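The values are calculated or read from the model by the stated rules, or taken from the named source; none is laboratory data. Just so you know, these numbers come straight off a predicted model, no measurement behind them. Here the Cβ positions follow ideal geometry from the backbone for every residue, glycine too, while neighbour counts run over all protein chains shown.
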Amino acid sequence: MENPPKGLPKIVRGPAKWEKTFGGRRVLIATPLLVDREIRKVKKGKLTTVNQIRARLARDFKADSTCQITTGIFIRIVSEVAEEERRMDKKKVTPYWRVLREGGYLNEKYPGGTKVQAVHLRKEGHAILPSKGKRPLTVKDYEKSLAKL
């Protein structure tokens with residue numbers, strides 16, 4: 001990994017209640033660069049979920065899980081950087097739009113919200129289902145397009 005922040009990534013030992021919630025007490029605090037690396041592995045036409053990224057990173061670092069809060073923050077950072085790079089006409093940016101929330105839901109926290117993510121996904125051949133009530137847009141049959149990380 002290129003110049004990781006001092007002390008990161010690291011594995012922290014959480015309280016006993018984490019055993020039930022996270023499947024163990026050894027929780028990885030990743031870095032934005034590690035999250036970016038995982039997202040870049042997802043090829044055009046494929047998708048991944050936040051939990052797939054977390055599981056992959058936990059396996060790589062021999063942790064029980066990866067922190068869901070920091071991973072979410074890092075995915076948001078990666079998405080913002082990718083959009084800045086797109087505005088600067090950079091050709092190859094991190095395809096953050098391929099990362100879905102659990103259940104195939106689009107992420108309203110990405111730049112431009114679910115509408116912009118839906119545009120990217122439609123360009124790559126995915127069908128987007130309308131939102132139902134408070135639930136955001138969803139990728140139809142997203143499971144069939146999940147990448148193996």
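Which residues, counting only those in segment 88-105, are part of a helix (DSSP H, G or I), touching a strand residue (DSSP E or B) at 6+ places or on another chain (Cβ under 7 Å) and surrounded by 14 or more Cβ atoms within 10 Å (Cβ to Cβ)?
Result: Arg98, Gly104.
Taking Leu8 and the conditions (1) touching a residue at least 40 places away in the same chain (Cβ under 8 Å); (2) over 28 Å from Ala127 (Cβ atoms), which numbered condition does it fall short on, given that it satisfies the others?
Unmet condition: (1).
Just to be sure, is Lys148 within 23 Å of Phe74 (Cβ to Cβ), out of contact with any strand residue (DSSP E or B) (no Cβ under 7 Å at 6 or more places or on another chain) and modelled with pLDDT under 95?
Answer is yes for this residue.
Residues checked against (1) surrounded by 16 or more Cβ atoms within 10 Å (Cβ to Cβ); (2) at negative phi; (3) in contact (Cβ under 8 Å) with a residue 24 or more places away in the chain:
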site: Pro15; (1), (2), (3): no, yes, no
site: Arg25; (1), (2), (3): yes, yes, yes
site: Ile29; (1), (2), (3): yes, yes, yes
site: Leu34; (1), (2), (3): yes, yes, yes
site: Gly45; (1), (2), (3): no, no, yes
site: Thr48; (1), (2), (3): yes, yes, yes
site: Asn51; (1), (2), (3): no, yes, yes
site: Thr66; (1), (2), (3): yes, yes, yes
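Sort through Glu108, Glu85 and tell me the only one that's part of a helix (DSSP H, G or I) and surrounded by fewer than 17 Cβ atoms within 10 Å (Cβ to Cβ).
On inspection, the qualifying residue turns out to be Glu85.
If I ask for residues that are more than 24 Å from Thr94 (Cα to Cα), part of a loop (DSSP other than H, G, I, E, B) and touching a Lys or Arg at 6+ places or on another chain (Cβ under 9 Å), which ones from segment 18-49 would you list?
Once the filter is applied, which keeps residues that are more than 24 Å from Thr94 (Cα to Cα), part of a loop (DSSP other than H, G, I, E, B) and touching a Lys or Arg at 6+ places or on another chain (Cβ under 9 Å), segment 18-49 yields only Arg25.
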